[in-house]
Amino acid sequence: MTDIVLVGAAGRMGAAITLAATESSGCRVVAGVDPIAAASGDTRWSQSLAAAYRKGTVVVDFSSPSGAVASAQFCAANGAPLVCGTTGLDAAAEAAVREAGARVAVFRASNFSIGVAALRQLLATALQAVPKHWDIEIVEKHHRLKKDAPSGTALTLADDALAARGLSRDALRHGRHGVVGARTGAEIGVHAVRGGTFVGDHQILLAGDGESLEIRHVAEDRAAFAHGAVAAARFVGSAPAGVYGMNDLLK
Ligand code: NAD
């Protein structure tokens, strides 16, 4: 049995992961940490990971960038495996999460759905198949309450495309406004749409001369991420120290 301590337990993903664990065999959420919800008087959640943690449990974090770094530091210090799905981390925070992988098993993914794993494979294949001068634009849509933009998944897709084209993150164009001039070949557009209740919609446009190609993934329910996160918790529960991702799970 894999016992999970869930950080960010009162949130949308917290609720989805709690449900997914109930539906899965061999996995259960034994405690939820959410200091913000706890401070508002909700007695279901612990104030801190230190108070909720018991030896042998796996920490699953879907909280905030500062929460993710705190979880990673706690896990490294206490020998606890970590699944981290929080997005919006800057480079230093991302490095801090991954550093924990030197001491414990850390599963890190910006998207835990099987469909997005397939989308990344399709993108790699499409970029090999079309001429190098075709333009790449990424458009993502999320619900109105999402805090970070662009989404972690859009950045992962952008990183895949940048690597395929031999470009750095300086080549990303986050939206366009004003007299920006003609598009250059050495740029990749990334556009974040916010509104309504979209769970996650990622579209990659490859535009050539007189033709274009679109590949797209739509998440309709957070269960798509939550079941992946529960599977990742089972995975890190018996994995040696290191940093793991969706490819390790899908193998
Ligand atoms: P949410 O705002 O509904 O929930 C976040 C919860 O974390 C809140 O209840 C909040 O009180 C709590 N929290 C904030 N700071 C905390 C801290 N320091 N310690 C503990 N808890 C803290 O957000 P959400 O939609 O559940 O998403 C949470 C995170 O997961 C976001 O970064 C989001 O982008 C990411 N996400 C990742 C995936 C994926 O597949 N990797 C999928 C969906 C969402």
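The values are calculated or read from the model by the stated rules, or taken from the named source; none is laboratory data. All values reported here derive from a predicted model rather than from experimental measurement. Reconstructed Cβ throughout: ideal geometry from the backbone, glycine too, with neighbour counts over all protein chains shown. Quick note on the areas: whole protein, heavy atoms, side chains included, nothing else; ligands and nucleic acids left out. Shrake-Rupley method; radii C 1.70, N 1.55, O 1.52, S 1.80 Å.
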Quick count over the range 32-41, residues being within 17 Å of Ala68 (Cα to Cα) and either among the aromatic types (Phe, Trp, Tyr) or over 21 Å from the mean Cα position of the chain (by Cα) (or both), is 3
Output for Cβ contacts, cut-off 7 Å, separation at least six or different chains, first residue in a helix (DSSP H, G or I) in the range 29-41, second within 12 Å of the ligand (Cβ to nearest atom), reads Pro35/Gln47; Pro35/Ser48; Ala37/Ala10; Ala37/Trp45; Ala38/Trp45; Ala38/Ser46; Ala38/Gln47
Among (1) in contact (Cβ under 8 Å) with a residue 12 or more places away in the chain; (2) surrounded by fewer than 23 Cβ atoms within 10 Å (Cβ to Cβ), Ser25 falls short only on (1)
Exercise. Take Asp160 and decide whether it is within 30 Å of Thr22 (Cα to Cα) and more than 14 Å from the chain's Cα centre (by Cα).
Key: no
Selection over the range 151-178 where residues are farther than 17 Å from Ser113 by Cβ and in contact (Cβ under 8 Å) with a residue 12 or more places away in the chain yields a count of 12
Restricting attention to the range 1-19, the residues that are away from the ligand (no atom under 12 Å from the Cβ), open to solvent by less than 60 Å² (accessible area, probe 1.4 Å) and either in a helix (DSSP H, G or I) or not hydrophobic (A, V, I, L, M, F, W, C) (or both) number exactly 2
Considering the range 68-107, residues that are closer than 14 Å to Val236 by Cα and within 9 Å of the ligand (Cβ to nearest atom), and then whichever is nearest to the chain's Cα centre (by Cα), we arrive at Gly85
Subset of the range 79-125, residues of a type in the set (S, T, N, Q) and in a loop (DSSP other than H, G, I, E, B), comes to Thr86, Thr87, Ser110, Asn111, Ser113
Per the filter on the range 20-41, residues within 11 Å of the ligand (Cβ to nearest atom) and acidic (Asp, Glu) are Asp34
The range 134-251: strands (runs of 3 or more DSSP E) wholly inside it with 3 or more residues that are crowded, with 16+ Cβ neighbours inside 10 Å and aliphatic (A, V, I, L, M) are 135-142, 188-194, 200-207
Condition set more than 8 Å from the ligand (Cβ to nearest atom) and in a helix (DSSP H, G or I), scope the range 42-67, selection surrounded by the most Cβ atoms within 10 Å (Cβ to Cβ): answer is Ala52
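Residue-wise test of (1) over 17 Å from Val190 (Cα atoms); (2) in contact with a Phe, Trp or Tyr (Cβ under 7 Å, 6 or more places away or on another chain); (3) surrounded by 21 or more Cβ atoms within 10 Å (Cβ to Cβ).
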residue	(1), (2), (3)
Ala70	yes, no, no
Asn78	yes, yes, no
Ala100	yes, no, yes
Arg108	yes, no, yes
Phe112	yes, yes, yes
Leu122	yes, no, no
Being away from the ligand (no atom under 16 Å from the Cβ) and at negative phi, is that true of even one residue in the range 145-157?
-> no
